[in-house]
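Participant: Could you have a look at this structure, given as structure tokens, before my questions?
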Amino acid sequence: MHNLKNRIINFRVTDEELTRLKTASNLHGARCLSEFARTVMLGTTAGSAPAREGDLHIEEQIQALAGRLASVEADVSRVVNMLFAGEVYQEPRDER
């Protein structure tokens, strides 16, 4: 039988932190964000081995890569917009 969960813990997070928590929760296959938070804070899942510290490190790396990818996408988008707007410097043609 499951223990009745009748206590509440509240803490505030930023929008970015909430997004990261939801992503990590989904990656770990948690049923809900509360279950994931308990798993991370207590270091175990119900009836399983303790959570691996390396899992959190991998999540941080994924988030860092996602940020870098977003930056590259923004840069490429700016270059494409400049090309279509004719703002990119073009060498003068030799008109002989």
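The values are calculated or read from the model by the stated rules, or taken from the named source; none is laboratory data. Since the structure is predicted, the reported quantities are computational estimates derived from the model, not experimental observations. Neighbour counts run over all protein chains shown; Cβ positions are idealised from the backbone, glycine included.
Participant: Restricting the first residue to the stretch 16-30 and requiring it to be under 17 Å from residue 43 (Cα atoms) and assigned to a helix (DSSP H, G or I), which pairs with a second residue that is of a type in the set (Val, Ile, Thr) and modelled with pLDDT of 85 or more meet a Cβ separation below 7 Å and a spacing of at least six or different chains?
Facilitator: 21/13
Participant: Does the stretch 1-46 hold any residues that are over 18 Å from the mean Cα position of the chain (by Cα), modelled with pLDDT of 85 or more and surrounded by 14 or more Cβ atoms within 10 Å (Cβ to Cβ), and which are they?
Facilitator: Those that are over 18 Å from the mean Cα position of the chain (by Cα), modelled with pLDDT of 85 or more and surrounded by 14 or more Cβ atoms within 10 Å (Cβ to Cβ): 35, 38, 39.
Participant: For residues that are touching a Ser or Thr at 6+ places or on another chain (Cβ under 8 Å) and not in a helix (DSSP H, G or I), scanning just the stretch 47-83, find the one that is modelled with the lowest pLDDT.
Facilitator: Across the stretch 47-83, the extreme among qualifying residues is 50.
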